[in-house]
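Q: Okay, handing you the structure first.
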Amino acid sequence: MKGVVIKSTGSWYTIYIENGKKIDCRLKGKFRIKGIKSTNPVAVGDYVNFEFEQGKETGVINKIFDRKNYIIRKSVNLSKQTHIIAANIDTAFLLVTLDSPPTSAGFIDRFLATAEAYNIPAVIIFNKIDMCTGALLEKKKALENIYTTIGYRCIDISATKNINIDKLIALMKGKTTMFSGHSGVGKTTLINAIGPSLNLKTAEISKQHKQGLHTTTFAEMFELSFGGFIIDTPGIKGFGVVDFEPQEISHYFVEFFKLSSKCKFNNCLHINEPKCAVKEALENNEIAHSRYNSYLQIIAGDEEHYRTDIYG
């Protein structure tokens, strides 16, 4: 039987089939030794075939269908391995907050670059907009200007005040979408605002550290009443990019890629090369310095500074 993986707990997978039934399945042993580098060979959003175990209501996955895309990051504890966050995504929504917790420009840029690399359309959601006043509002406007200028859609949202929820729903109807972001940015609260009947568990922000508490332990997909599915993902502290060669990183910064054909050298890294169109644009303030700093950090393999370097 064919179905879609809607929940993964590491060793067991919940499969959603056409009649709305949910079947708990495990992996057939051979999938664990096929040289798949990720810590999770099957991810939420994967389409799979399974067969029922004899005399049981559980099944065994015997085939994983090809993915149209997936989003991936470095595994938290195993730096040489990767973790597939979700697969077969129509749109990835990155939830950003200016405070409680703050989201750095470096984190945003790493997420967007990864989405570009794996062909996933991305939208930036500025959540908790009702809390944005004064200096925070100015920072939001500055970030919004950077990302809208290079072509990313940005939406101001307040899950608790029901601001612009209708705009978000319009983008989600009939699609498989994903929410991602730091712990505490309000992913689960926003899902509850979109689908109140889901009634997912939320937790308070730590006032001392302005960080969220993990309420989502594993990625999980939920069916939406207005059509489509939403994937809720665990909050992530850092977004380590993977499988990027230095020469291709600029391809995933959309404004760099548009200029790269004007560089003197085809393999220009946009660092010290002469007659570099990207560097010239930077000097003329046509490229955001925060974006260029993020680019340099990824080139350098810097996996730490972007976690604390707020807004570049």
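Where a number appears in this text, it was derived from the coordinates with a stated rule and is not lab data. Just so we're clear, the structure is a prediction, and the values are computed from it rather than from any experiment. So basically every Cβ, Gly included, is an ideal-geometry build from the backbone, and we count neighbours across all protein chains shown.
Q: Could you tell me what percent of the DSSP beta bridges with both partners in segment 52-182 are antiparallel, to the nearest 5?
A: Counting DSSP beta bridges with both partners in segment 52-182, the antiparallel share is about 35 percent.
Q: Same structure again: Say each of residue 24 and residue 135 gets a label point 7 Å from the Cα, pointing the same way as Cα to Cβ; how far apart are those two points in nm?
A: Once both label points are built, they end up 5.1 nm from each other.
Q: If you don't mind, another one. Pop a pseudo-label 7 angstrom from the Cα along the beta-carbon direction at both residue 258 and residue 283 and give the gap in nm to one decimal.
A: Result for the modelled spin labels: 2.1 nm.
Q: For residue 247 and residue 175, FRET efficiency with R0 = 35 Å and r from the beta-carbon atoms, rounded to 0.05?
A: The computed FRET efficiency comes out at 0.60.
Q: Which of the residue pairs 2/68; 63/173; 2/167 have a Cα-Cα distance greater than 26 Å in the structure shown?
A: Numbers: 2/68 17 Å; 63/173 29 Å; 2/167 33 Å.
Where the Cα-Cα span goes over 26 Å, the pairs concerned are 63/173; 2/167.
Q: OK, next. Above 12 angstrom, tally the Cα pairs of segment 110-166 and express them as a % of all pairs, no decimals. Walk me through the intermediate numbers first.
A: On the way: 1099 of 1596 pairs.
Here the tail beyond 12 Å accounts for 69 percent of pairs.
Q: Could you sort out which of 128/175; 128/161; 258/279 sit more than 20 Å apart by Cα distance in this structure? Don't skip to the end; give the middle numbers.
A: Working: 128/175 24 Å; 128/161 9 Å; 258/279 13 Å.
Check vs 20 Å cut-off fails for 128/175.
Q: Between residue 148 and residue 225, what FRET efficiency follows from the Cβ-Cβ distance if R0 is 41 Å, with the result rounded to 0.05?
A: 0.85
Q: What nm distance separates the two modelled labels at residue 266 and residue 57, each placed 7 Å from Cα along Cα→Cβ?
A: The answer from the label model is 6.1 nm.
Q: Now, a different point. Show which aspartates and glutamates lie in cross-link reach of residue 201 when reach means a straight Cα distance below 14 angstrom and same-chain residues fewer than eight apart are skipped.
A: Counting by Cα, and skipping residues close in sequence, residue 201 has these aspartates and glutamates nearby: 220, 232.
Q: Let me check I have the definition right: for segment 76-160, take the eigenvalues of the Cα gyration tensor, multiply each by 5, take square roots. What are those semi-axes in whole Å, largest first?
A: Details: eigenvalues 121, 46, 31 Å².
Ellipsoid semi-axes (Å, largest first): 25, 15, 12.
Q: Highest mean first, how do 6-17, 129-140, 182-193 rank when packing is the count of other Cβ atoms within 10 Å averaged over residues?
A: Per-residue mean Cβ counts within 10 Å order the peptides as 182-193, 6-17, 129-140.
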